[in-house]
Amino acid sequence: MIDDKMYEQLVAINNAEQATYWTRYNIQVVINTGAIAAYGSIALRQPPPAHHQVLAAMCVPGLLLAVVWLCMTIAGDKWCDFWQHQLRRVEQKLPRGIPKPFTTAKRAWRRRRFVIGRAPVDFRSVRSVARLLPVVFIAGWIVVGILMLN
């Protein structure tokens, strides 16, 4: 039998993981935006022929930062999903008549997914949309790097 304390502890762990996820995400937004700002600052100060190699070299750490950001986002998603799965498992063992918010939410989300290729993407999920920003940064660094080398 599942007691209230166990369920409350799982909810607290889930909430802490969600908060940690967004804290890490916001730190990465600041770091990556700072890298873009530094890049723009150098690009505006230097005459065009002199800064192409410097700017192309700056794209490598910027690209690495964006890849780390994407990896952290994916790993954070997995941990958040893990704890929500644990909560749903515990909710299934609760007696009838007790509200089961995590199980109910999962069923509602499952019915409203879009499919791109073979992968289901839920654009209404904030974490799914949050994964797109690091991809935009990765693509941006690659494009700028290629343009600076030409």
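Quick notes on this structure:
- In Hz, Karplus ³J(HN,Hα) per residue of region 24-32 (6.51, -1.76, 1.60; θ = phi - 60°; x = Gly, Pro): 4, 4, 5, 4, 5, 4, 5, 5, 5
- Neighbour-count order for Met72, Met58, Met6, fewest beta carbons within 10 angstrom listed first: Met6, Met72, Met58
- With R₀ set to 25 Å, the beta-carbon distance separating Ile146 from Val30 gives a calculated FRET efficiency near 0.45.
- Here r is the Cβ-Cβ distance between Ala38 and Val126 and R0 is 41 Å; the resulting FRET efficiency, rounded to 0.05, is 0.90.
- As a rough guide to protection, the peptides 31-37, 59-65 ranked by mean Cβ packing within 10 Å, highest first, stand as 59-65, 31-37.
- Computed from the C-beta positions of Ile13 and Val136, the FRET efficiency with R₀ = 30 Å rounds to 0.45.
Coordinate-derived values only; no laboratory data. On a predicted model such as this, the values are computed, not experimentally measured, just so you know. FYI the Cβ positions are ideal-geometry reconstructions off the backbone, even for glycines, and counts take in every protein chain you see.
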